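K.L.:
One structure coming up, written as structure tokens, with questions to follow.
The values are calculated or read from the model by the stated rules, or taken from the named source; none is laboratory data. Everything numeric in this text was worked out from a predicted model, so none of it was measured. Every residue, glycine among them, receives a Cβ derived from its backbone with ideal geometry; neighbour counts consider all protein chains shown. Areas reflect the complete protein model, heavy atoms only, side chains present, ligands, DNA and RNA absent. Shrake-Rupley method; radii C 1.70, N 1.55, O 1.52, S 1.80 Å.
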Amino acid sequence: MALAFHLLAHKDPAQLGRLLHALWAPDNIYVIHYDRRRPSAEHGAVAALADGRRNVVVQPSTAVLWGRFSLIRAQLAGLELALHHPQPWTHWINLSGQCFPLHPAAEIQRRLQAAGTASFVRHFDPLGPDSNWARPAGRLDRQRLDLPWLEWCLRLPGLGRRLRRFFGGASAIPSLPRLRPRPTPWFHWYGGDNWVVLSRGAAAQMLSPAGRAIAAWFRGTAFPEESVFQTVVLNAPAAGPVHNDHLRCINWIANLASPQNFRATDLPRLLAGAANGALFARKFDPTVDPVILDALTARVTTTATPSAFR
């Protein structure tokens, strides 16, 4: 049984290589996207990860901006590369470069083989009583700007502060008022988060004409990566069964926009999550706490031969 992984990273090729090593199985497919804005030396280090490995594909690099459509576009392009690969994988898993597995690769394969044609996508109705979002309509009411050159300008001293005020505020995604309302969708809108495990059938639905049309509807919205997978898969009967679970431990802290890094003190929490079915966790940073990554590396690679990845 083979799995397909999409690894989306924006820094630290060494940490990305560590993740690849921890996930390594010779039958799996690994598609890597590394942000175009990073230095050429880092891109060279990422390209080296694919040397001599026909099941590692380095995706053409694009600039990926947090909370914008460029993030989902890069993932859909990586999914398309995986679907065109001759290896007949059964499930597609998207991970960031700061994710890490909680089980050995063989155990992850075994558990997803047991899942059959099911996908794992955490979801909810954004407009329903159980929504996790405080103001879901606010994601649709402005045109979010997905422009790398503008992001560069926003970081300039003085000018950047003035531009931030003009484009929505210091902490907001740059945006402009919509010239006309977003058209009423022809599908039911679902929300969740970006991290999914898709069966091959569900993955194919993402790139179907209907799937591409739904994805295109979310261009210009805020955080489309937290809606596109859910909305396409749950509106497509051919996608197969979907469990409301993403199989992840994520270190969310109340009132913060991004998850925090796990530390060594979180190891009992991560082991409990693994015992309860989680396959992966995020996020980690070896410059913040290398001990937790060392502990998890020892856990997931003890059954692998040291030369399995080299």
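K.L.:
What whole-number value in Å² describes the accessible area per residue of the stretch 1-54 for a 1.4 Å probe?
P.N.:
That works out to 41 Å² per residue.
K.L.:
Let me have the 222 nm mean residue ellipticity of the chain computed from DSSP H runs of 4+ only, each contributing -39500 (n - 2.57), with the sum over all residues rounded to the nearest 500.
P.N.:
-10000 deg cm²/dmol
K.L.:
Using only the alpha-carbon atoms, how far is helix 69-84 inclined from the longest principal axis of the chain? Give it as 0 to 90 degrees, nearest 10.
P.N.:
For 69-84 against the chain, the angle is about 40 degrees.
K.L.:
If you roll a 1.4 Å probe over the stretch 31-96 with all protein chains in place, what percent of the accessible area is carbon or sulfur?
P.N.:
Using a 1.4 Å probe with all protein chains present, the stretch 31-96 comes out at 58 percent carbon and sulfur.
K.L.:
Give the peptides 14-23, 79-88, 148-157 in descending order of average Cβ contacts within 10 Å, highest first.
P.N.:
Put in order of decreasing packing, that is 14-23, 79-88, 148-157.
K.L.:
Hey, any idea what % of the stretch 119-210's accessible area is carbon plus sulfur with a 1.4 Å probe?
P.N.:
Reported share for carbon and sulfur atoms: 61 percent.
K.L.:
Moving on. Could you let me know the centre-to-centre spacing of the stretch 124-201 and the stretch 24-59, using Cα atoms, in angstrom?
P.N.:
29
K.L.:
Highest mean first, what order results for 33-40, 268-275 on Cβ atoms within 10 Å?
P.N.:
For the peptides 33-40, 268-275, the packing ranking is 33-40, 268-275.
K.L.:
Pop a pseudo-label 7 angstrom from the Cα along the beta-carbon direction at both Met1 and Thr265 and give the gap in nm to one decimal.
P.N.:
3.8
K.L.:
Sorted by packing (mean other beta-carbon atoms within 10 Å per residue), highest first, where do 159-166, 259-266 land?
P.N.:
259-266, 159-166
K.L.:
With +1 on each Lys and Arg Cβ and -1 on each Asp and Glu Cβ, and nothing else charged, work out how big the dipole of the stretch 95-141 is about its Cα centre, in Debye to the nearest 20.
P.N.:
120
K.L.:
What does the C-alpha gyration tensor say about the overall shape of the stretch 24-145? Classify as rounded when a/c is under 1.5, otherwise prolate if a/b is larger than b/c, or oblate.
P.N.:
In terms of gyration-tensor shape, oblate.
K.L.:
Additional query: With angles folded into 0 to 90 degrees, how steeply does helix 105-114 sit against the dominant principal axis of the chain? Use alpha carbons for both and round to 10.
P.N.:
70
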